[in-house]
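Right, one structure below, let's go through it.
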Amino acid sequence: QVQLVESGGGLVQPGESLRLSCAAFGITFRLYAMGWYRQAPGKQRELVARITSGGSTNYVDSVKGRFTISRDNAKNTVFLQMNSLKPEDTAVYYCNAGLNSLTNWGQGTQVTVSS
């Protein structure tokens, strides 16, 4: 059974940092592309950052230079380091694992940026 478990969300002030983690169970992690998505109230879910099985990364323009995605294949975990957080980063953040037509989602973790 595939399970993606996110952690690390919370309430922070603008300019602060958070590190999200997503532990994967039930998949051959090293083969999967991993992504972080987010969904703010009233908005569509959007891709924030993605890392391929080979380690290539891409980011949505609004987080470039502030967020960094990384993976640890030995720990079956993907991370999202979020620096210089802004109120517009407030959303539920979801982990995704994809391989060809297979896709799996985590339950989401809330990130709130507010003064």
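The values are calculated or read from the model by the stated rules, or taken from the named source; none is laboratory data. Quick caveat, the model's predicted, so the values are computed rather than measured. Surface accessibility is based on the protein's heavy atoms, side chains included, excluding ligands, DNA and RNA. Shrake-Rupley method; radii C 1.70, N 1.55, O 1.52, S 1.80 Å.
Things to note:
- Contour excess over end-to-end distance, with Cα ends at THR57 and ARG19 and 0.36 nm allotted per residue: 12.0 nm
- Of the residues GLU46, GLU88, the one with the largest accessible area comes first in the ranking GLU88, GLU46, computed with a 1.4 Å probe on protein heavy atoms.
- Per residue value of the accessible surface for the chain (all protein chains in place, 1.4 Å probe), Å²: 53 Å²
- Full-extension gain in nm, ARG45 to SER84, via 0.36 nm per residue minus C-alpha separation: 11.9 nm
- Averaging the sequence gap over all C-alpha pairs within less than 8 Å and six or more residues apart, then dividing by the number of residues, gives the chain a relative contact order of 36 percent.
- Placing LYS64, LYS75 in order of accessible area, with the largest value first and a 1.4 Å probe, yields LYS75, LYS64.
- Choice from GLN81, GLN44, GLN13 with maximal GNM fluctuation in the chain (Cα, 10 Å cutoff): GLN44
- The heavy atoms of LEU102 offer some 90 square angstrom of accessible surface to a 1.4 angstrom probe.
- Computed in the context of the full set of protein chains, the accessible area of the chain at 1.4 Å probe radius has 46% of its extent on carbon or sulfur.
- Length gained when the stretch THR68-ARG30 is fully extended (0.36 nm per residue, less Cα-Cα span): 11.8 nm
- Distance from region 1-57 to region 64-86 (C-alpha centre basis), Å: 8 Å
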